[in-house]
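Reading through the structure tokens given below for one structure.
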């Protein structure tokens, strides 16, 4: 609904919006905004933000044209598709210092902004499920704030991601605790909104466990011990 109101407003102004087309002596045309023109040069920025400079003697004509409503609608649509959804799968080895080693797997869904200041930076939140088998099962539901930042721009680029939050235990005797993770991945951006990420992940999960300890006199009591679970493995994510 908000999009439609904004589109109607822009359409009402479209007749007053003008773009300019630079026609070169060769017949080539560039449509956009004239940034500078004098007796020597003409500087124009096209609709994709690219800048062109031409010698005045190479310019045959500069003419104005109305901005197409279709272009305005496309720009409004693009501004409403900066929200991204990511499906993230991971698996690897689990380590609980001085206790047990085992395996782990996880799945989570992330939602947030896919662009910040024109960069492919993901910022949002995630919720998922992590299962760890190390002597006994630890089933957690991690809820995190996450951010992923590309180390360079381009269709193919390395990306680093971090997350911090709380992992809630599915059932007792395990209790939840702080969780965090770091990802190092290679991102393949196969469209404006879709990407595939492959890489490695290191995850930390704090878990409090209610354990029964037997005393020398035969008496037993329940004690809460804190286990720090570290998992290292591979991850794959698909961004929509």
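Under 8 Å by Cβ, and 6 or more places apart or on different chains, what pairs join a residue from the range 106-133 that is free of Cβ contacts under 8 Å to residues at least 12 places away in the same chain with one that is assigned to a strand (DSSP E or B)? Taking only residues 6 or more apart or on different chains, the pairs are 116/123.
Only residues that are at pLDDT below 90 and in a strand (DSSP E or B) were counted in the range 112-124, giving 2. From the list 177, 161, the one residue that fits, being crowded, with 19+ Cβ neighbours inside 10 Å, touching a residue at least 12 places away in the same chain (Cβ under 8 Å) and under 17 Å from residue 225 (Cα atoms), is 177. Counting the residues of the range 136-147 that are modelled with pLDDT of 95 or more and surrounded by 20 or more Cβ atoms within 10 Å (Cβ to Cβ) gives 3. Checking each residue in the range 173-187 for being part of a strand (DSSP E or B) and within 21 Å of residue 126 (Cα to Cα) picks out 175, 177, 178, 179, 180, 181, 182, 183, 184, 185, 186, 187. In the set 143, 127, 109, 160, only one residue is in the same structural domain as residue 204 (by TED's automatic domain parsing), farther than 20 Å from residue 204 by Cβ and part of a strand (DSSP E or B); that residue is 109.
The values are calculated or read from the model by the stated rules, or taken from the named source; none is laboratory data. On a predicted model such as this, the values are computed, not experimentally measured, just so you know. Note: ideal-geometry Cβ built from the backbone for every residue, glycine included; neighbour counts use all protein chains shown.
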